[in-house]
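The values are calculated or read from the model by the stated rules, or taken from the named source; none is laboratory data. Here the structure is a predicted model, which means the values were calculated and not measured. Cβ: placed from backbone, ideal geometry, glycine included. Neighbour counts: every protein chain shown.
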Amino acid sequence: TFMESERIHAEAIIVSDYSEEYSHWNAEESLAVWLKREQVPGITGIDTRELTKVLREHGVMMGKIVFDDEPGNVPEATYAGINYVDKVSCKEVIRYNEGAGKKKVVLVDCGVKTNIIRCLLKRDVEVIRVPWNHDFTGMEYDGLFISNGPGDPDTCDEAVQHIRKAMSLSDKPIFGICMGNQLLSKAGGATIYKLKYGHRSHNQPVRMVGTERCFITSQNHGYAVDNNTLGTDWEPLFINMNDGSNEGIRHKTKPWFSAQFHPEAASGPTDTEFLFDEFVKLL
């Protein structure tokens, strides 16, 4: 049986040229066998460079694999309005380092990366992981963490309402990453828009606002916070050096901040892992 991290999360795989005879010394099976067991379709013989040109011109879009002998049996591919966070979030409360950590952090799981949990645990805190729509506001905790996750943040209004309620009840520290940046921004009154291309890769440069400090970051997101809609109590914390879009926010007086990129650095770069230290110091 495969661990969760070894599942294939793609719904289909497209390759230009598939090698029928695998030969890596460490291989246990072929890609085709793995795909079949995971029930993920794959297709080869496609001009992937031409496909890439189309995506570069028109931006991110839905796609589907249609077989010549079944052209009428494929449902329309949709993206907007689907709550992908609900598909990947945990379904019950999970506790890590229970009773051993000096401080308690509630982690709102929108599809959290395992290394985020590791980054918190190695800083000696207790992590209480809750489903994305769980009302955590009555729980006992020292800080709130809002995780990354897939899809459209506008489908996660329940989480936004809980974050907003938490901010009205106390000034406890809040730290959000990726989807967490967008949900914190929405809770603060900002709006989100869809980027034409999204930010992907391990080499996205961001600058900390008000400084000349620039960091290389890992990113994978298709939506961004509209800086112009931030309330007067909020300000941008990081800005993308390529297109000027928002890469994080902070409250001007409260210990609430977020990053659009991935400081947990799995895999790399490690430029911004210090943000976890900043969060834990605030607890």
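Contact map, segment 268-280: residues that are surrounded by fewer than 13 Cβ atoms within 10 Å (Cβ to Cβ) paired with residues that are in a helix (DSSP H, G or I) and at pLDDT 95 or above, Cβ distance under 8 Å, separation 6+ or inter-chain. No pairs are found.
Every condition in (1) assigned to a strand (DSSP E or B); (2) modelled with pLDDT under 95 is met by residue 265 except one, and the failing one is (1).
For every residue, the table says whether it meets (1) at pLDDT 90 or above; (2) in contact with a helix residue (DSSP H, G or I) (Cβ under 9 Å, 6 or more places away or on another chain); (3) assigned to a helix (DSSP H, G or I); (4) among the small types (Gly, Ala, Ser).
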{"site": "50", "(1), (2), (3), (4)": "yes, no, yes, no"}
{"site": "57", "(1), (2), (3), (4)": "no, no, yes, no"}
{"site": "61", "(1), (2), (3), (4)": "no, yes, no, no"}
{"site": "95", "(1), (2), (3), (4)": "yes, no, no, no"}
{"site": "99", "(1), (2), (3), (4)": "yes, no, no, yes"}
{"site": "104", "(1), (2), (3), (4)": "yes, no, no, no"}
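Inclusion of residue 206 among residues that are at pLDDT 95 or above and either over 23 Å from residue 246 (Cβ atoms) or surrounded by fewer than 23 Cβ atoms within 10 Å (Cβ to Cβ) (or both) is not warranted. On the stretch given as segment 246-262, residues that are in a loop (DSSP other than H, G, I, E, B) and within 18 Å of the chain's Cα centre (by Cα) total 5. The combined condition, being without any contact (Cβ under 8 Å) to a residue 60 or more places away in the chain, on the phi < 0 side of the Ramachandran plot and under 21 Å from the mean Cα position of the chain (by Cα), is not fulfilled by residue 116.
Across segment 46-61, the qualifying residues are those that are exposed (fewer than 10 other Cβ atoms within 10 Å of the Cβ) and in contact (Cβ under 8 Å) with a residue 12 or more places away in the chain, and the one among them that is nearest to residue 223 (Cα to Cα) is 49.
Table: residues versus (1) closer than 17 Å to residue 282 by Cβ; (2) at pLDDT below 95; (3) in contact with an Asp or Glu (Cβ under 9 Å, 6 or more places away or on another chain).
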{"site": "168", "(1), (2), (3)": "no, no, no"}
{"site": "171", "(1), (2), (3)": "yes, no, no"}
{"site": "178", "(1), (2), (3)": "no, no, no"}
{"site": "183", "(1), (2), (3)": "no, no, no"}
{"site": "188", "(1), (2), (3)": "no, no, yes"}
{"site": "191", "(1), (2), (3)": "no, no, yes"}
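Condition test on residue 109, is it under 20 Å from residue 283 (Cβ atoms) and of a type in the set (D, E, K, R)? Yes. Contact map, segment 77-89: residues that are farther than 17 Å from residue 160 by Cα paired with residues that are surrounded by fewer than 13 Cβ atoms within 10 Å (Cβ to Cβ) and modelled with pLDDT of 80 or more, Cβ distance under 6 Å, separation 6+ or inter-chain. Pairs shown: 77/62; 77/64; 79/62. Being surrounded by fewer than 24 Cβ atoms within 10 Å (Cβ to Cβ) and charged (D, E, K, R) is not true of residue 109.
Could you tell me whether any residue of segment 21-39 is outside any loop (DSSP other than H, G, I, E, B), surrounded by 12 or more Cβ atoms within 10 Å (Cβ to Cβ) and either more than 29 Å from the chain's Cα centre (by Cα) or of a type in the set (Gly, Ala, Ser) (or both)? For segment 21-39, residues outside any loop (DSSP other than H, G, I, E, B), surrounded by 12 or more Cβ atoms within 10 Å (Cβ to Cβ) and either more than 29 Å from the chain's Cα centre (by Cα) or of a type in the set (Gly, Ala, Ser) (or both): present. Considering every residue within segment 225-245, establish whether at least one is without any contact (Cβ under 8 Å) to a residue 40 or more places away in the chain, part of a helix (DSSP H, G or I) and not acidic (Asp, Glu). Checked segment 225-245: at least one residue is without any contact (Cβ under 8 Å) to a residue 40 or more places away in the chain, part of a helix (DSSP H, G or I) and not acidic (Asp, Glu). Please verify whether residue 43 is in the same structural domain as residue 8 (by TED's automatic domain parsing), modelled with pLDDT of 90 or more and either among the β-branched types (Val, Ile, Thr) or surrounded by 13 or more Cβ atoms within 10 Å (Cβ to Cβ) (or both), treating the condition exactly as stated. Taking the combined requirement at face value, the residue satisfies it.
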